[in-house]
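The values are calculated or read from the model by the stated rules, or taken from the named source; none is laboratory data. Keep in mind that what you see is a predicted model, and the values were worked out from it rather than measured. Ideal geometry is used to build each Cβ from the backbone, glycine not excepted, and the neighbour counts take in all protein chains shown. Accessible surface is based on the protein model in full, side chains and every heavy atom, while ligands, DNA and RNA are left aside. Shrake-Rupley method; radii C 1.70, N 1.55, O 1.52, S 1.80 Å.
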Amino acid sequence: MKKVGAIVKIISVIFFILMIFLLLYSIFNYAGIRELSRNLMLNYGLGVVFLLAIFLDVFPQYLSVHMLLIMAGIANLNIWLVGSVVTVGTFFASIIGFWLGRLFEDNFFFEIFGEKNYRKIHEGMNRHGKWYVAISAISPLPYIPIIFAALGMSWKNFMIYGVFPRILGFIATIIFVAVVF
């Protein structure tokens, strides 16, 4: 059993390092990622839009999924269709990200912060962190369900303050893009 715990801990560290790398890469190569996303969306259609929405929301990085909607408006694509696909993709990404965060929660962050500090963070996340989750869910701020779950946000609070506002935020963005473009 200890061997399995050690393997999970190693995978957790590798996964965390990968997330940090992706975040830093997206900050320094924002224009390149945006252009690649635009080209993939225009050349390969809704399937890639769905996969991009999942990728951009599961893994922490600087490029917001909202950008897909704006690019669809600029490209004169059917914003309602693209928006629906993006919204469904980000819904699945939120669920996947949350449960990945729960999988790695105790094994990684517990080690980093120690038991006493981790318990404080865990309690604070549900008490005060839910407001950051709600704001990041409806805005282009980084929305990182893996981190929210890993820091102890409850499933109920995540659904109320993360997923539902995220869907409403996408509906508002779709309407905005439809009116502007």
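A few notes on this one:
- Test: residue in the stretch 121-130 that is aliphatic (A, V, I, L, M) and touching a residue at least 24 places away in the same chain (Cβ under 8 Å): yes
- Residue match in the stretch 140-148 (condition: assigned to a helix (DSSP H, G or I) and touching a Pro at 6+ places or on another chain (Cβ under 9 Å)): yes
- Condition met for residue 102 (among the basic types (Lys, Arg), in contact (Cβ under 8 Å) with a residue 40 or more places away in the chain, open to solvent by less than 50 Å² (accessible area, probe 1.4 Å) and in a helix (DSSP H, G or I)): no
- Filtered residue count, the stretch 24-41, keeping only those that are open to solvent by less than 80 Å² (accessible area, probe 1.4 Å) and either touching a residue at least 40 places away in the same chain (Cβ under 8 Å) or in contact with a helix residue (DSSP H, G or I) (Cβ under 8 Å, 6 or more places away or on another chain) (or both): 5
- Residue 130 vs. criteria charged (D, E, K, R) and either touching a Pro at 6+ places or on another chain (Cβ under 6 Å) or open to solvent by 50 Å² or more (accessible area, probe 1.4 Å) (or both): no
- The set of residues in the stretch 81-110 that are aliphatic (A, V, I, L, M), in contact with a Pro (Cβ under 9 Å, 6 or more places away or on another chain) and modelled with pLDDT under 90 contains only 100.
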